[in-house]
Structure formats: C-alpha cells, structure tokens
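*Asks:* Structure provided below as structure tokens; questions to follow.
What follows draws every value from the coordinates through simple rules; no lab data is involved. Note that the structure is a prediction, hence the values are computed from the model and not measured. Cβ sites come from the backbone with ideal geometry, for glycine too, and all protein chains shown count toward neighbours.
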Amino acid sequence: MSASAIFLQLLQNVLVLLAAPLLLGWINQCRAWLQNRNGAGMLQPYRNLLKLFHKDAVLAHNASQLFRTTPYILFACMWLAAALVPVLATDLPLSPAVDVIALVGIFALARVFISLAAMDIGTAFGSLGARREMLVGFLAEPALLMVLFTASTISQSTSLITIVETLAHKQFVLYPSMTFAAVAFVMVLLAENARVPVDNPSTHLELTMIHEAMVLEYSARHLALVEWASALKLLAYMAIGIALFIPYGIAEAGNWNALPAAIALLTFKLLLAGAGLAFIETISAKMRIFRVPEFMGTAFLLAVLGLLTHFLLET
Amino acid sequence: MFASLGVSPINVILGVTVFWLLLGLGGLALQDNRIITRVIFPVGAIGSLILATAALGGLSGVDTAVLPIGLPDLPFHLRIDSLSAFFLLLLGASSIGITLFSAGYFGRMAVQELGLLCLEYHIFLASMTLVFLADDAYMFMVAWEAMALSSYFLVTTDHDQPEVRRAGFLYLLIAHVGAIAILMGFGVMQGGHGDYTFDTMRHGHLSAYWASITFFLALFGFGAKAGILPMHAWLPEAHPAAPSPVSALLSGIMLKTAIYGILRVSFDLLDIQIWWWGVVALTLGLFTALFGVIFAAVQVDMKRLLAYSSIENIGIILVGIGLTIIFHASGKEALAALSLTASLYHSINHAFMKGLLFLGTGSILHATGERHLGKLGGLIHKMPNLALFMLIGTLALAGLPPLNGFVSEWLMLQAFLLSPGLTQAYINMLVPIAAAALVLTAALAGFVMVKFYGVIFLGQPRDAGLAVVHDAGIWERIGMLCMVAGCIALGIFPTFVILHLDFVAEMLVHNSLGTSAVHSGWLMLTPIAAERASYSPLILLLIIVSGVVLTMLAVKKFYHGRLRRGPAWDCGFPEQGARMQDTAEGFGQPIRQIFEWFMGVVRKMPSPFDLHPHYHAEVHDRLWNIFYAPIKRANEAIGNQIGKLQHGRIHVYLLYSFITLLALLAFIE
C-alpha cells in the first residue's frame, strides 16, 4: 500500500463528502429547469444542512438510544460506501476489504438501522415507513446483486477494483447482458434512493411517502446527518453505475497524470447522470405503493435475464 | 491440549457424556430446585466447554474406540474424525451459553418436576454427542432414538396444554418416519454383509442405482429431522412448544445432527456422488429456504417466527450441500471445498445466532409471559441489556456485515459466482437462478428480522402489563453473552474459523481453501484468490466505527448540543396511542400480499352492516393439505377397514387364529 494510494483514498473520502450535497443540488436544479422554474440554486442543499445543524434537536419522549445513534451509523455506512467505489482511480487501499457483496451488505445494514429507528418512536407513520422501506429494500437488494453478479461473472471477480479494471479495458461495444443490467440498475437506483416513480423525496403526503415517513421524527443535527447520508447514498449509487457501465477514463494505479482528466471526466459523467435522473423524474408519475413490487420484480427479472444472456451469448 | 496430557479426545468426550448422564441422574435424585439450577446446570456448562476443547483437538486426526457394551457380538464402535469433531465443537461451544442460560431460566420459571427435566436435558446433550461419535449403524440408531425421545419429553415439558401434546406427538411421528428411512438407508449400505459398522460401509461399493436409493433415503430421513420441505410440519409446532433453552438446543444443535447425517452418508459412507443428487438437494434447499422465510414474515408468535426462520436456514445449508455435491461430482474440488465450507460455516453460525434469539425469547417470555408479538413492544426501555444482545443476534441473522451470518452467505454466493464452467450446460443456467433465489431469501430475512426486533423491542408498549417488566437475570445474561461473543467472533475472524473448517473439507472433498484463504494474512478473507474476491470484516467494522466516532466528534465540536424532549411529531396527529403503530400482522402485510399465491390465506371480511366489525386473516400452510392431509385421511380409512375385523367376540378371533394356522400350514407344505 503506497502513500499515493492512501492519499487517493483520503482524497476520495473528502471529495464524496463534499460533492454529495452538490449532486443533489444539481439534480434539483435540473428538475426545476425542466419544470420551467428558476430553482433554488445548486448550493441549496448546503444551506439546508447548515440550517439544520444550527437548530435545537427535539427528541420524542420515548426515543431510545438506538434512535439517537442511527443517524451516525447511517452516515458512516453511506460515507464508506461512497468512498469505496473506484471512480477516480483504481488503487483504493480500502477497496479490497469490501467487495460488491459486502457493499450491498453495507446498504442493507444502513437500511435495517433506519427502519428500526423509524419504528422506535412507535408512531403510525414511522412503522408504516419502515415497513414500506423494507418492502422496497427486499425487492431491490436481489435485483442490485444480480446486476453486480453480471458484472462479476464477466470479470470473474467480485472485487470492485478488478471489475472496473476489466470493464474499462474492454472495447466499447454494447454487451447484451450489461444492457439488461443497466436498465435494471437504473430501476434499482430510483427505488433505493426514494426517487419518483417509487417514492417522492419532496412529499409529505401521508399515503405515499416511504423514506420521508421514516425520518419524520428526526430534527436538527440528526435530520441533517440523515439527509446528508441520503445524498451520499445517491452519489454512491451513481458511482456504482458509472463504475459498472461507463468506467472509461478512470486513472489506473500509479498514473498521476491521468488524475486531473479523470476528475474532470467523472464530474461530467455525474452531471450527465444527474440530469438524466432529473429527466426521468420529470416525465414519470409516482406509482401506487402496490405497483412497486411489480416495478421491482421487473428490475429483478431484467437483471436475471442479463445474467442468463451472459451465459447464453457471451461465453 | 488433551493430547499433551496423554488423553485422546475420544476418551475426554466419552467422559463428558458420562459426566452429563451422572449430572442428570443427580438432578433427578436430589429433586432440589436450588441445587439443580445453581450447581448442576453451571457444572454441566463446564462439561460443554471441555467437550468443545476436546473436539477442537480432535479436528485434525482420526481416533477410534470400541465400547464393550451393546448387544452380544455387536459392541458400540466409536470414532472421531474431522467431520464429527466439527459438529461436536458446534455442540460444545453453543451449548455452553444455552446451559448457563438454563441455570437462570429454569431457576425463575415455575417448572413442574425440574429434576426430571434436568435428566432429560442432559440425556439430550449426551445422546447428541453419541450421534456424532457413532461408528456403526446400531449405535447410531440407538443414540438417534435416545435423542428423539429425550427431546420429545423436553418439548412436552408443559404437557398439561393440549397444543403442546399435539406438537409433541407430531414431532415424534415425523421423527420416527424419518428414523425408518435412515434405518433402511443403512440396510442398503451394508450391502448384504450383515456387518453394520461404518467402516464396512465405507469400503463397500454400491452401484449408482443403489447409491442413489441410499442417498434419497438419507435425504428423506435426515430431512425429516432437519425440517426440509415437505417434512417441515413438526418444526413450527414443536419449537414454540418447548421451553426456550430447549428450543435453542433443538434449533441450534439438533437440526445440525441431520446435516451431519446427510454429510456423513453422502460424502463419507457412499463412495460415489452423482451430480443430479446435488441438483435435487439444491432445489429442495431453495424451496425450503424461500418457504421458511416467507412464512416467517407473516408469523405473529415470536417463537414460531424463529422456527420458520430455522427452516429457512436449514434450506440455505442444504443449498450449500447440494452445490458441493454438484461440484464434487464434476471434479471441481476447490469449488466443492468452498461451498462445503460455506455450509459448515452457516451451520455453526446458525447454532449461535438462533440459539441467542431463542434464549432471548425465553427472557421475554419470562418477563412478560407473552409470546404474541401483538402484545409486546417498547421493551428496549425496560430490558436494555436484552435489547442490545438481541440486536446483535437480529443483525447476525439478517445476514448483515460485519457479523457472522454475512460471512457464510458471502462464501455461499462466492461459490455460486465461481460456478461457471461446469460440464452440464443446463446446470450452468440453473446456478444463476438459484443464486437469485438465495439472494431473495437473504433479503427477505432482513425484512423478517426488522419485524421481529422492531415489534418486540421498539415503539410503544402494546400492553399495559409491559410497564413493570424487568431485565434478564444474571445467569441468563451470562448465557446470552456467550452466544453474542460467538456471533461476533465468528463474524470478525473468519480466517481462523476457515482454518479449522479446512480439516473437514479436506476429509470430505479432498481439497480445502487452505493457504489461499489466508493468503493475504489473517485480516483478509480471500477464498480463491485475492483479485477474485476479498472481504475483511475487521477493517469494515473499524471503518464504520471510526466513521461514527469521527462524525460524533465533529458534530459535538461544531454543534451547540442543545436537545429538547417533546411529544412525537407524527405529522401533527394528536392521537398517538400504542394501537396506532404497526402490528406484527400489519408489518407482514406486504409479504402476505405479494406471496398470497404461495400460502393459503383465509379471510373473514366484515359486512357493511356489522356494528362491531372484525377483520380476520389466517395464513395456512398449503403443503399440509397436499402432503399430510391425504396421508391422514388414508390412514383413517385403512384404520376403519381394519376395525371391521374386530367384533369383540371370542369365537370370531378363534376363527381368525384357525385360518391363520391353516394358511401357515399350507405355506410350509
């Protein structure tokens, strides 16, 4: 493990932390533009976080220690997840400790904790949100894993670094398996990050909310951490998508000269992905909660199809 | 450790067995509840510790002994090899905590005839030990039956309740149907020699046809004990009926005797393995796992929920065994070793995590007297220690990193991912689908565990009686702490565990993860090669913990730290009673909705004119109607026909005897 690798890891740790709210701001801004609004500006998430960090925290009378600790655990998990995905360079020293299956495990860990915290106060909305979140979660997790398995079987490895290195060196052709996987992945991304059409991040309408219902009882610093963690999660998912489907231009191990170009290219990819997400959210309507299993089932089937296609056509 | 003292592991283990039997008899003779709970159970736990240490020493070698008891010309043969030593280790290590917990649990729980229970408990432990030690079919069956009977009596401890008696009977019945199949399997394997030692069977050569028959007899017979579909019906009845420490023994250890049996027969006693056995086992395992987890999600009784979850975990273990057979039969020894290791790892994980959760339900039951999830809630405030232990068990069972449940699932998925390249093309296609089903099971397990923990420990108490409950007692806490330590150690230090599992893999499939697993030092788990897959739970844990600490420090530094307590917000709804929360039924509703086709749901809807409307939904096991009900009906019909022969008049019976005599005479002629 070289010093430069450690520096890269630290750089990515800090970058994802700072860039995550910006990405959220960019998506919201794009959405505003697409909806013919002026929007609050790309820096609005930072202002929101700052505002929340200044407020007095209010805890429900029967909130337990679990409720108070969860935002920190959530934040740490998402930070770790976002920092692990090799998008800037391929020699991140932390990456070998966590492969793609463990990465999904970290997402699951965070989801279980936030669901438990939502049930902790014992309000109607909290447990409703927890139930729905776990529903979406157990449908999305297999789909996500199948997408990752497709990439793993192509590169004969579940290590993120190996996957990215293998895929980045492939010729730019459309693999049928990866195409299926990409569609499934976008669907999972929408569901897991509480975006339209599965959930709406800006709703507080009782009957439809999922993620917001879970975090209703959080305020001030706790809410700030939860929001920041959500932004980190979105960034982590986008990073996984970029690493799997468009890894081209990543800086190889030890290649320092490629780093500025890699950062610029990554920024461009993220901006593009954010705009795409805003576009999808603008053109689709939120679906009923009962339709979510069908939506996620489709994603799961597409991912399995992708894996089967790989075995049928590409080996 | 014992080798240096000049004592072989097998003698130590036999000594522990005898010691346990004496303890049980002592408990029966003394009939003193204080001595039984304060002395006998804790001393029995020391026996478990010695057993575990001896088994650890026995992992690397083979040791045999012949006991001069048994039938004339048929002494008991004993043998300890890597496979039995591993399962003995599982038994010893996980029963330490369970027995210590029992010391507290039975001390505070009013049990009639505690002396008898103490005897049954120790016979149960001893007979399971002998099952693992047996080296001939005769001794194996004796130990197997002793295990079945002692556990039957333990299950029916509260035999004044009719449903407990019913559960016990169902258990005994299915256990014996299974035992008959096992016996027939041994009958086939001895191959006409009349010699029932395992040694003869090992050297016998069965044709593929007879070997297949033996394998399926064993799968059926041991499957009945393990709760593999469709012989699972007893499991969700018997586990909740038993006292909680006994449930922990049943689920944590006894189900593994069946896994041991399947492994012993298919990899040790049979000298050939055929790939399609593995396909059958894999499919059966997947169905069992999915069935278990889906039904666990809709349960409202906390112990039934855990029992269904046990079915799920046994299914996952069977998936690993099936995969091992496929790989082994296709000559992929390294992959066979990987999937076998995953199976064994999951077995020992399950012993600890399910043991822990069952023990926890014991403490809850003890504090509240309530098994129904709908009457619990908010226990985290009243039972903080228990809540912490159970949280760890819950996370482990949900298969989350960095705890132990994740490690075995990770290994299992690695085995699936590395499978391409099998000779049979359609198995190559089957494997991704199987992996998908396994992943779905694992994800659903997360749902189940959130429901389990959330409804019991979080939220507001759903019953007024919960305001006065007390935390678990000191012995109970020590017992659970042992299990928690097991869960954490197995989760954080997988490379050490795998080093020991390698002996078993080496013995059964002649290959092991061996040096490659620890190639990058003990920190990284790399089952095949570092660039293919690596995982380090310790680093993961350290990063998350340091992330949490760092965030907390930063927030503390930059934040004024003011905190107020107030009523819950809940979108401003004024009414916030305990009845506003999700019930267990409500939490399981999405699963009931999605998998309705999978289970029989009977609904009673209120009509619009009901003054006191009641909504009632009941979930039924369709397999009961498919498999069990026809057998029950046929049995009754045959019974009725046979009943016609009996008139109660002596001359009719004399006539029967006369006809029989004539028939026999004619036959001899």
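*Asks:* Across the Cα atoms of the stretch B:622-668, what radius of gyration and what greatest pairwise Cα-Cα distance (Dmax) are found, in Å?
*Replies:* In Å, with Rg to one decimal and Dmax whole: 17.1, 50.
*Asks:* Provide B:439, B:652 in ascending order of the number of other Cβ atoms located within 10 Å of each residue's Cβ, fewest first.
*Replies:* Ascending number of Cβ neighbours within 10 Å: B:652, B:439.
*Asks:* What residue among A:6, A:149, A:54 has its Cα farthest toward the positive end of the dipole of chain A, where the charges are +1 on Lys, Arg and -1 on Asp, Glu, each on the Cβ?
*Replies:* Checked the options; the winner is A:54.
*Asks:* Net charge around residue B:559, counting only other residues with Cβ within less than 11 Å of its Cβ (Lys, Arg = +1; Asp, Glu = -1)? Mind dumping the intermediate values first?
*Replies:* On the way: positive: A:55, A:221, B:556, B:557, B:562; negative: A:56.
So the environment of residue B:559 carries a net charge of +4.
*Asks:* Among the lysines, which fall within straight-line cross-link reach of residue B:451, defined as a Cα-Cα distance under 21 Å, with same-chain neighbours fewer than 8 residues apart omitted?
*Replies:* Output for residue B:451: B:303, B:354, B:375, B:382.
*Asks:* With each label point set 7 Å from Cα along the Cα-Cβ vector, what nm distance links residue A:261 and residue B:573?
*Replies:* Result for the modelled spin labels: 5.8 nm.
*Asks:* Let me ask another. Give me Rg over Rh for the stretch A:3-313, both radii from the alpha carbons and Rh done the Kirkwood way, two decimal places.
*Replies:* A ratio of 0.96.
*Asks:* Which lysines have a Cα lying under 26 Å from the Cα of residue B:332, excluding residues fewer than 8 positions away in the same chain?
*Replies:* Once the sequence-local lysines are set aside, what remains near residue B:332 is B:256.
*Asks:* Can you tally the net charge around residue A:100? Count Lys and Arg as +1, Asp and Glu as -1, for every other residue whose Cβ sits under 13 Å from the Cβ of residue A:100.
*Replies:* On the way: positive: B:532; negative: A:99, A:141.
That sum, taken over residues with Cβ under 13 Å, equals -1.
*Asks:* What is the gain in length, in nm to one decimal, between residue B:46 and residue B:276 on full extension, counting 0.36 nm per residue of separation less the C-alpha to C-alpha distance? Display every interim value, and only then the final one.
*Replies:* Details: separation 230, 0.36 × 230 = 82.80 nm, distance 4.41 nm.
Taking residue B:46 through residue B:276 to full extension adds about 78.4 nm, to one decimal.
*Asks:* Can you work out ³J(HN,Hα) from phi for every residue in the stretch B:63-68, in order, using Karplus 6.51 cos²θ - 1.76 cosθ + 1.60 and θ = phi - 60°, giving whole Hz and x for Gly and Pro?
*Replies:* So the Karplus estimates, Gly and Pro as x, are 9, 10, 7, 10, 8, x Hz.
*Asks:* Of the options B:293, B:662, B:255, report the single residue whose Cα projects farthest towards the positive end of the charge dipole of chain B (beta-carbon charges: Lys, Arg +1; Asp, Glu -1).
*Replies:* B:293
*Asks:* Let me ask you something else. State the extension gain, in nm to one decimal, for the chain segment bounded by residue B:654 and residue B:549, taking 0.36 nm per residue of separation less the distance between their alpha-carbons. If you can, show how the numbers build up before the last one.
*Replies:* On the way: separation 105, 0.36 × 105 = 37.80 nm, distance 8.80 nm.
Full extension from residue B:654 to residue B:549 adds 29.0 nm.
*Asks:* Go through the stretch B:250-265 residue by residue and turn each phi into a ³J(HN,Hα) via Karplus (6.51, -1.76, 1.60, θ = phi - 60°); whole Hz please, and just put x for glycine and proline.
*Replies:* For the stretch B:250-265, the Karplus curve yields 4, 6, x, 10, 5, 4, 6, 4, 5, 4, 4, x, 4, 5, 4, 5 Hz.
*Asks:* On alpha carbon coordinates alone, what is the Rg over Rh value for chain B, Rh being the Kirkwood radius?
*Replies:* 0.99
*Asks:* Then there is this: What's the local net charge at residue B:28, with K and R +1, D and E -1, over the other residues with C-beta under 12 Å away? Spell out each step's value before the answer.
*Replies:* Details: positive: none; negative: B:32, B:113, B:120.
Residues close to residue B:28 contribute a combined charge of -3.
*Asks:* May I pose another question? What dipole magnitude, in Debye to the nearest 20, does the protein assembly as shown give about its Cα centre under +1 on Lys/Arg Cβ and -1 on Asp/Glu Cβ?
*Replies:* Working: 52 positive and 55 negative charges, 515 e Å.
Using Cβ point charges on Lys, Arg, Asp and Glu, the protein assembly as shown gives about 2480 debye.
*Asks:* Got a sec? Charge dipole of chain B, +1 on Cβ for Lys and Arg, -1 for Asp and Glu; which of B:121, B:186, B:594 is way out at the positive end?
*Replies:* B:594
*Asks:* Let me ask something else about it. What is the magnitude of the charge dipole of the stretch A:156-315 about its Cα centre, with +1 placed on the Cβ of each Lys and Arg, -1 on the Cβ of each Asp and Glu, and no other charges, expressed in debye to the nearest 20? Write down the numbers at each step before the final one.
*Replies:* On the way: 8 positive and 11 negative charges, 33 e Å.
Using only the charged Cβ atoms, the result is roughly 160 debye.
*Asks:* Between residue B:69 and residue B:268, what FRET efficiency follows from the Cβ-Cβ distance if R0 is 25 Å, with the result rounded to 0.05? Working shown, then result.
*Replies:* Values: r = 25 Å, r/R0 = 0.98.
For R0 = 25 Å, the calculated efficiency reads 0.55.
*Asks:* Hey, can you grab everything whose amide H is under 5 Å from the amide H of residue B:136? Only 5+ residues off in sequence or another chain; H modelled, so Pro and N-termini drop out.
*Replies:* Counting only residues 5 or more places away or on other chains, the set is B:77, B:198.
*Asks:* Now, a different point. Apply the Karplus curve 6.51 cos²θ - 1.76 cosθ + 1.60, θ = phi - 60°, to the phi angles in the stretch B:212-227 and return the couplings in whole Hz, x for Gly and Pro.
*Replies:* Ordered by residue, 3J(HN,Hα) equals 5, 4, 4, 4, 6, 4, 5, 4, 5, x, 6, x, 5, 7, 8, x Hz.
*Asks:* Give me the Debye-computed log₁₀ of I(q)/I(0) at q = 0.12, 0.15, 0.17, 0.22 Å⁻¹ for the stretch A:175-315, equal point scatterers on Cα only, no solvent, two decimals.
*Replies:* With no solvent term, the Cα-only Debye profile gives -0.62, -0.90, -1.06, -1.33.
*Asks:* Give the calculated FRET efficiency between residue B:205 and residue A:301 to the nearest 0.05, with a Förster radius of 51 Å applied to their Cβ-Cβ distance. Numbers along the way, then the final one.
*Replies:* Working: r = 46 Å, r/R0 = 0.90.
Using R0 = 51 Å, I get an efficiency of 0.65.
*Asks:* While we're on this one: Work out the length of the dipole vector of chain B about its Cα centre, built from +1 on the beta-carbon of each Lys and Arg and -1 on the beta-carbon of each Asp and Glu, and round it to the nearest 20 debye. Walk me through the numbers on the way to the answer.
*Replies:* Values: 35 positive and 38 negative charges, 361 e Å.
That gives a dipole near 1740 debye.
*Asks:* May I pose another question? Where Rh denotes the Kirkwood radius from the mean inverse Cα pair distance, what is Rg over Rh for the stretch B:496-642?
*Replies:* With Rg and the Kirkwood Rh in hand, the quotient comes to 1.22.
*Asks:* State which helices in chain A qualify, where a helix is a whole DSSP H run, it must extend 20 Å or more along its own axis by its Cα atoms, and its mean Kyte-Doolittle hydropathy must be at least -0.5. Walk me through the numbers on the way to the answer.
*Replies:* On the way: long enough: A:3-34 (45 Å, 1.35); A:65-84 (29 Å, 1.19); A:100-120 (30 Å, 2.13); A:124-155 (46 Å, 1.07); A:176-192 (24 Å, 1.78); A:220-245 (37 Å, 1.34); A:258-283 (37 Å, 1.81); A:292-313 (31 Å, 1.75).
In chain A, the long hydrophobic H runs are A:3-34, A:65-84, A:100-120, A:124-155, A:176-192, A:220-245, A:258-283, A:292-313.
*Asks:* If the cut-off is a Cα-Cα distance under 26 Å, which lysines reach residue A:51, setting aside same-chain residues fewer than 8 apart in sequence?
*Replies:* In chain and number order, the partners are A:233, B:556, B:557.
*Asks:* So in the protein assembly as shown, what percent of DSSP beta bridges are antiparallel if you round to the nearest 5?
*Replies:* On the way: 16 of 21 bridges.
About 75 percent, rounded to the nearest 5.
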